[in-house]
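Please read the structure below before turning to the comments.
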Amino acid sequence: WADYIHNAGDIATLQGKALNKRRNRRNKFLAEHPDYEYQRYTANDEEAVTDFILGKGCNEAIMRCYEIHQSITTVRKLAKFHQPAAIIKIDGRVVAFTLGEVWGNMLYIHIEKADREFPGLGETLASSFAADIINEQPQVELINREEDLGDEGLRQAKRAYNPIYLLNRYEFIPQ
C-alpha cells in the first residue's frame with residue numbers, strides 16, 4: 001500500500017500544468033454552480049451528512065458497505081474528536097463531505113465524498129478544504145490523501161492530483 005503525499009499549496013490552488021485538468025473541472029463546477037455553499041461541518045450537519053453518505057449506497061460490495069458504515073460511525077462521533085471537516089451544499093442539500101486531521105505539517109484526509117452528479121465537485125471540495133486548513137493552520141505544507149484501497153478508479157483519482165511522492169506502507173504477517 002502507499003499513501004499519496006501532495007504539496008498542500010498545490011491542492012489548495014490547483015495551479016500549474018500538472019493540475020490543469022483538475023483546475024478546469026473545478027472552474028466548470030464554479031461556473032455552473034455559483035451559489036454553492038462551502039462550510040465547516042458542525043454538529044447541526046450530522047443528519048444531513050449521514051443521509052448523504054447513506055444515499056451513496058453500498059452496491060452489495062462488502063468493502064463499500066463497510067466503508068459506508070465506518071464513515072457514518074465516524075460522523076456520529078465527530079463532536080468528540082474535534083477534527084476539521086467540511087461540507088458543500090447545493091440548493092441547501094449536502095452534496096460533498098470531507099474529514100481531515102492535522103499532525104505537525106501534514107493534513108491527513110480520512111474521508112472525502114462528493115456526489116458524482118456534479119462534475120468538478122470533488123476538485124472544489126479538495127481545493128476549498130486545503131485552502132481553509134492552510135489559512136487556519138499555516139504550518140500545513142503537505143496533504144496525505146491516504147491509500148487507494150486497491151481500487152483502480154480511486155487510484156486514478158489520487159494520481160490525477162500529481163503526488164510529490166508515494167509513502168509506501170507494509171503489512172507484516174508473523175509466520
For Val95, the residues 5 or more places away or on another chain with a placed amide H closer than 5 Å to its own amide H are Ile88, Lys89, Ile90
Order these peptides, 39-48, 89-98, by their mean beta-carbon neighbour count within 10 angstrom, highest first.
89-98, 39-48
Per 0.36 nm of contour for each residue apart, how much would the distance between Leu30 and Gln15 grow if the chain were fully extended, relative to their Cα-Cα spacing?
3.8 nm
Ignoring everything except DSSP H segments at least 4 long, calculate the 222 nm mean residue ellipticity for the chain; use -39,500 (n - 2.57) per segment, divide by total residues, nearest 500.
-12000 deg cm²/dmol
In nm, the gap between the two label points placed 7 Å beyond Cα toward Cβ at Arg116 and Glu152 is 1.4 nm
Rounded to whole angstroms and listed largest first, the alpha-carbon spread of region 17-175 along its three principal axes comes to 57, 38, 31
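In the structure displayed, which of Lys28/Lys80; Lys21/Lys113; Lys28/Lys77 lie more than 31 Å apart, Cα to Cα? Please report the intermediate quantities before stating the final value.
On the way: Lys28/Lys80 37 Å; Lys21/Lys113 19 Å; Lys28/Lys77 34 Å.
Where the Cα-Cα span goes over 31 Å, the pairs concerned are Lys28/Lys80; Lys28/Lys77.
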If each Cα of region 44-134 is one equal point scatterer, what is log10 of I(q)/I(0) from the Debye formula at q = 0.10 Å⁻¹?
-0.25
Along Cα→Cβ, 7 Å out, is where each label goes; now give me the distance between the ones at Tyr66 and Gln139 in nm to one decimal.
3.4 nm
Subtract the Cα-Cα distance of Asp91 and Tyr165 from 0.36 nm times their separation in residues, and report this length gain in nm to one decimal.
22.9 nm
Dipole of region 30-137 [Lys/Arg +1, Asp/Glu -1 at C-beta], most positive-end residue of His33, Leu121, Thr98
Thr98
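Order 66-75, 4-13 from most to least packed using the mean count of other Cβ atoms within 10 Å. Don't jump to the answer; show the numbers that get you there.
On the way: 66-75: 15.7, 4-13: 20.1.
Descending packing order for the listed peptides: 4-13, 66-75.
Just so you know, all these numbers are worked out from the coordinates, no wet-lab data involved. Only a predicted model underlies this, so the values are computations on that prediction, with no experimental measurement involved. Quick reminder, even Gly has a Cβ in these numbers, built from the backbone with ideal geometry, and neighbours come from all protein chains shown.
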